[in-house]
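First the structure, in the form of structure tokens, and then the observations on it.
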Amino acid sequence: MIEELVKKAGEIRKQTFEMVMKAGKGHLGGSFSCTEILVALYYGKILRFDSSNPRWEERDRFILSKAHGSNTLYVILADLGFYLASELSSFLDDGSLLSGHTDNRIPGVEIVGGSLGHGLGVASGIALGAKLSGKDYLTFALIGDGESQEGSIWEAAMFASHHGLNNLIAVTDRNNLGSEDYTENTARLEPLADKWRAFGWDVTSIDGHSFDEIFGAFKDVRTRQSSRPLMVIARTIKGKGISFLENTPQSHHTLPTGQYIDRAREDLK
Amino acid sequence: MKVYTDTRDATFEELYSIALQNPDVVVLSADTGARIFKEFQRNIPKQFLNVGVSEQNAMSVAAGLALTGKKVFVFGISNFVTLRCYEQIKNDICCMDLPVTVLGMGTGYVYSIDGPTHHITQDISIMRALPGMTIWSPSDYTMVGALVHMAYKSPGPKYIRIDKGPFTPIYDPGKLDFSDGLATVKSGKDLTIVATAIMVTQALKVVEELAIHGVDAGIVDFYRLKPANNRFFLEAVSHSKRIVTLEEHTIAGGLGSIVCEIMADQGTTIPVKRIGIPDNYRLEVGSRAWVQSLDGLDVYGITKTILDWIE
């Protein structure tokens with residue numbers, strides 16, 4: 001299965017790249033750093049969902065808190081049949097279903113996203129609601145590391161551990177970069193894992209591009225005995241897959257031009 | 001409904017009665033208290049959470065709970081459950097049209113001695129800029145309790161701005177329907193004072209003063225600020241020679257602005273005088289009545305402003 005997922009991640013990146021290049025705008029860097037995580041969640045039988053019934057009551061809730069990672073998510077949701085693949089060709093066009101950041105009109109998307117620091121709190125509310133209603137679905141939240149400079153993330157962190165939300169699983173896409181600079185140059189996050197532990201979470205750190213390690217982190221999410229929420233810190237590379245964008249601040253929303261477009265396609269082959 | 005003499009009791013005793021019957025109700029407090037919260041904790045503990053001093057997270061959690069089918073009430077001091085977490089209210093609650101009611105305690109200069117951080121004098125302006133938000137500004141104890149029931153029954157986001165009073169009771173304790181959005185409290189042939197919240201009580205005293213000076217003033221209680229009931233409002237003031245708007249709130253975007261907007265949009269031309277808080281912060285410390293007087297919102301100041309205007 002791993003081989004298939006590696007191949008799938010490659011295809012998703014290619015489609016994402018072409019979708020973004022057609023639109024002339026997008027967030028390749030932050031979308032490519034979380035591609036393997038999203039592919040593992042959606043194709044690796046981690047998330048429980050029904051693409052023919054996106055509002056299925058028993059589905060797991062996936063909250064893309066770093067909603068600029070939507071570019072990859074849109075391609076995945078189309079590929080899984082949440083909506084027609086033809087929607088991708090209208091990405092960012094007038095009247096398109098698919099905006100730069102997510103909104104819950106889009107089948108498969110749970111919340112209006114885009115403003116950083118909100119998703120973990122909303123996910124905590126959903127996880128609490130599930131417990132209050134006796135539901136066994138899980139709530140997943142993918143947050144950015146730049147986003148983790150928002151104070152509201154840490155309000156949510158305290159809340160989730162205080163209320164024992166062990167049905168909440170968060171992933172930090174630790175690509176080390178915000179929009180303009182490295183997080184450690186702007187408002188230092190390290191020691192990030194220690195911070196989450198100190199806030200009362202179970203924490204595991206993985207290579208966010210290794211399917212083996214991703215599955216290792218998620219293998220027992222439905223059966224784990226801990227009373228704490230789980231944070232998976234995924235070490236990733238912003239712009240992963242396009243050599244000249246990797247680990248660069250400009251990968252956040254700068255798109256290749258001229259000869260670099262062909263170089264990017266070559267890299268993504 | 002029982003007769004209340006305290007807005008906090010009216011709010012939360014009624015909310016407790018609703019929550020007892022409806023397990024889908026969840027109340028979040030941003031570390032702000034009410035006597036009956038002990039009963040919530042004792043009898044329906046899953047339906048009440050003090051989330052601590054974290055208003056931003058309170059709104060996001062409220063949105064998450066609402067997404068799972070809960071009807072959520074978030075309680076805190078008005079300044080902190082509006083301005084502090086405005087973006088959470090906008091993005092997490094309003095953009096998804098979720099059934100969350102924000103209960104803001106202590107509007108205007110209620111917390112006069114606590115300084116400008118606790119004065120909330122722009123909540124109407126900012127909250128009405130949120131599409132889909134219903135804003136109630138109750139003017140007596142009965143209305144506060146009734147609006148909690150209306151908030152539970154109605155969809156979408158709501159904000160109830162709760163004054164501590166003391167209010168002069170205006171409405172019959174049996175009245176539960178405040179769907180009109182405004183009410184004529186008193187008719188007057190010379191001018192109409194359009195007031196909201198505690199300023200309706202103030203207006204009752206002002207009309208007595210004006211009467212001494214031979215001015216017959218009416219009062220309209222404008223208690224639902226959004227969506228405004230334009231038709232009822234225009235009917236209520238149609239025979240007025242002049243309109244005075246009265247609010248313990250900045251005149252930038254508050255009740256006075258709402259009234260002027262309605263009349264401008266309808267092509268109604270009645271002279272209007274807006275009385276409210278000028279464009280300033282109050283660092284002065286003192287009783288609410290004293291701080292109000294600095295802005296001309298005491299009975300003497302209001303009366304003088306009106307008399308000066310009509311002369």
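Could you quote the convex hull projected area for region A:217-269, Cα atoms only and averaged over all directions, in nm²?
Averaged projected area of region A:217-269's Cα convex hull equals 5.6 nm².
How big is region A:117-269 by Rg and Dmax over its Cα atoms, in Å?
Values for region A:117-269 (Cα only, Rg and Dmax): 17.2, 56 Å.
Explain nothing, just the number: dipole magnitude of region A:1-133 about its Cα centre with +1 on each Lys and Arg Cβ and -1 on each Asp and Glu Cβ, in debye rounded to the nearest 20.
Values: 14 positive and 15 negative charges, 52 e Å.
Rounded to the nearest 20 debye, it is 240 debye.
In the protein assembly as shown, with Lys and Arg counted as +1 and Asp and Glu as -1 at Cβ, which of these residues, A:183, A:76, B:181, has the Cα nearest the positive end of the dipole, that is, farthest along it?
A:76
Between residue A:84 and residue B:117, what FRET efficiency follows from the Cβ-Cβ distance if R0 is 45 Å, with the result rounded to 0.05?
0.30
Just rank B:93, A:12, B:262, B:77, fewest to most, by other beta-carbon atoms within 10 angstrom.
Values: B:93 30, A:12 25, B:262 17, B:77 22.
Ascending number of Cβ neighbours within 10 Å: B:262, B:77, A:12, B:93.
Hey, which aspartates and glutamates would be in cross-link range of residue A:195, C-alpha to C-alpha under 20 Å, not counting anything within fewer than 8 residues on its own chain?
Reachable aspartates and glutamates: A:145, A:147, A:150, A:155, A:173, A:184, A:207.
What lysines does residue A:240 reach when the alpha-carbon gap must be under 16 Å and sequence neighbours fewer than 8 apart in one chain are set aside?
Counting by Cα, and skipping residues close in sequence, residue A:240 has these lysines nearby: A:7, A:8, A:14, A:269.
For a footprinting-style exposure proxy, rank A:89, A:115 by other Cβ within 10 Å, fewest first.
In increasing order of surrounding Cβ atoms, one gets A:89, A:115.
Do any trypsin sites (Lys or Arg not before Pro) in region A:154-205 lie in a DSSP loop with no more than 12 other beta carbon atoms within 10 Å, and if so, which? Intermediate values should be presented prior to the final figure.
Values: sites: A:174, A:188, A:195, A:197; in loops: A:188.
Counting only loop positions with at most 12 other Cβ atoms within 10 Å, the trypsin sites (Lys or Arg not before Pro) in region A:154-205 are A:188.
About the Cα centre of region B:24-164, what is the dipole size in debye to 20, counting +1 per Lys and Arg Cβ and -1 per Asp and Glu Cβ, all else neutral? Provide the component values of the computation, followed by the final result.
Values: 13 positive and 11 negative charges, 66 e Å.
With only Lys, Arg, Asp and Glu charged at Cβ, the dipole is about 320 debye.
Under the 0.36 nm per residue contour assumption, what length would be gained going from the current alpha-carbon distance of residue A:212 and residue A:133 to full extension?
Taking 0.36 nm per residue and subtracting the Cα distance, the gain is 25.0 nm.
How much mean residue ellipticity at 222 nm does chain B get from its helices, if each DSSP H run of length 4 or more adds -39500 (n - 2.57) and you divide by all residues, to the nearest 500 deg cm²/dmol?
-10500 deg cm²/dmol
For region A:1-104, state which GluC sites (Glu not before Pro) are in a DSSP loop and have at most 12 other beta carbons lying within 10 Å of their beta carbon.
A:57, A:58
Show me the helices of chain B, taken as full DSSP H stretches, that run 20 Å or more along their long axis by Cα and average 0.0 or above in Kyte-Doolittle hydropathy.
Working: long enough: B:7-21 (22 Å, -0.23); B:198-212 (22 Å, 1.31).
Length and hydropathy pass: B:198-212.
At 222 nm, what value in deg cm²/dmol follows for chain A if DSSP H runs of at least 4 each add -39500 (n - 2.57) and the sum is divided by all its residues, to the nearest 500?
Values: 10 runs with 102 residues, N = 269.
Counting only the DSSP helices, I get -11000 deg cm²/dmol.
Cross-link partners among lysines for residue B:304, C-alpha distance below 27 Å, same-chain residues fewer than 8 apart left out?
B:164, B:186, B:189, B:205, B:241, B:273
Amide H neighbours of residue B:77 under 5 Å, counting only residues 5+ apart in sequence or on other chains, H built in-plane at 1.01 Å?
For residue B:77, the qualifying residues are B:105.
So if R0 is 60 Å, what FRET efficiency would residue B:311 and residue B:53 give, r being the distance between their Cβ atoms, rounded to the nearest 0.05?
That gives a FRET efficiency of 0.75.
So which chymotrypsin sites (Phe, Trp or Tyr not before Pro) in region B:240-311 are both in a DSSP loop and have at most 11 other Cβ atoms within 10 Å of their Cβ?
B:281
Using the number of other C-beta atoms within 10 angstrom as an exposure proxy, rank A:269, A:14 with the fewest first. Walk me through the numbers on the way to the answer.
On the way: A:269 6, A:14 16.
Starting with the residue having the fewest Cβ neighbours, the order is A:269, A:14.
Which one, A:28, A:108, A:91, is farthest towards the positive end of the dipole of chain A when Lys and Arg carry +1 and Asp and Glu -1 on their Cβ?
A:108
Using only alpha carbon pairs under 8 Å that are at least six residues apart, calculate the relative contact order of region B:131-247 and give it in whole percent.
Computed value for region B:131-247: 33 percent relative contact order.
Values quoted throughout were computed directly from the atomic coordinates according to the rules given, and no laboratory measurement underlies them. In this text, all values refer to a predicted model and were calculated from it rather than measured experimentally. Glycine gets a Cβ as well: all are built from the backbone with ideal geometry, and neighbour counts include every protein chain shown.
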